[in-house]
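One structure is given below, encoded as structure tokens.
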Amino acid sequence: MSAFTLLTLKTMSDTRGMLTVMDGILPFPIIRSFWIYGADGHKRGGHRHHETRQALVALSGSVVVSMDDGQTREDITLSSPDQCLLVEPKDWHEMTFGQNSILLVFASHGYDKDDYIHTPYERL
């Protein structure tokens with residue numbers, strides 16, 4: 001069992017393809033959305049927040065998200081567009097991108113450089 005919340009998004013499938021819906025499932029209103037791509041083999045993130053909550057969805061490819069809430073460290077692989085990882089403000093997160101990956105991010109707040117904490121948790 002993971003210490004972090006991984007949601008399975010409702011997906012409908014038929015002969016015409018698949019449709020995944022994010023409707024009323026997030027525990028916060030979406031104020032900002034952005035996507036990261038062209039980062040093949042690179043790491044992004046490497047921070048936590050004071051207030052911002054996020055939801056991450058790998059639309060294409062796979063992204064390994066290294067999570068640390070100060071108590072638990074865990075690597076979570078997002079490799080299907082019906083998976084959504086919730087990132088709480090306390091969660092240090094760093095993403096490693098596979099080939100041709102696209103990561104969609106929904107955020108509870110707009111961009112504010114003062115909301116970022118660039119110091120990881122210290123371990124004894």
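Just so it is clear, none of the values below were taken in a lab; they were calculated from the coordinates. None of the values given here were measured: they were computed from a predicted structure. Ideal geometry is used to build each Cβ from the backbone, glycine not excepted, and the neighbour counts take in all protein chains shown.
Could I get the Rg over Rh figure for segment 1-43? Both from C-alpha atoms, Rh via Kirkwood, rounded to two places.
Values: Rg = 14.7 Å, Rh = 14.0 Å.
The Rg/Rh ratio comes out at 1.05.
By a straight-distance test (C-alpha under 18 Å), which aspartates and glutamates pair with LYS113 as possible cross-link partners, with residues fewer than eight away in the same chain excluded?
GLU51, GLU88, ASP91, GLU94
Highest GNM mean-square fluctuation, the chain, Cα pairs closer than 10 Å: which of PRO27, PRO89, PRO81?
Taking springs between Cα atoms under 10 Å, the residue moving most is PRO27.
Out of all Cα-Cα pairs in the chain, roughly what percent, to the nearest whole number, are more than 16 Å apart? Don't skip to the end; give the middle numbers.
Details: 4735 of 7626 pairs.
Taking all Cα-Cα pairs of the chain, the fraction more than 16 Å apart is 62 percent.
For segment 1-49, which trypsin sites (Lys or Arg not before Pro) are in a loop by DSSP, counting at most 13 other Cβ atoms within 10 Å?
Working: sites: LYS10, ARG16, ARG32, LYS43, ARG44, ARG48; in loops: ARG16.
Qualifying residues, ordered by number: ARG16.
Between THR77 and SER62, 0.36 nm times their residue separation minus their Cα-Cα distance comes to what? Numbers along the way, then the final one.
Working: separation 15, 0.36 × 15 = 5.40 nm, distance 0.68 nm.
Full-extension gain reported as 4.7 nm.
For labels at ASP14 and PHE28 in the simple 7 Å Cα→Cβ model, what's the distance in nm?
Calculated label separation equals 3.6 nm.
Can you put SER62, SER2 in order, fewest other beta carbons within 10 Å first? Show your work: numbers first, answer last.
Numbers: SER62 16, SER2 10.
If I rank by nearby Cβ atoms, fewest first, I get SER2, SER62.
Tally Lys and Arg at +1 and Asp and Glu at -1 over the other residues with C-beta under 15 Å from the C-beta of LEU85: what net charge comes out?
Values: positive: ARG44, ARG48, ARG53, ARG73, LYS90; negative: ASP68, ASP69, GLU74, ASP75, ASP82, GLU88, ASP91, GLU94.
Result for the neighbourhood of LEU85: -3.
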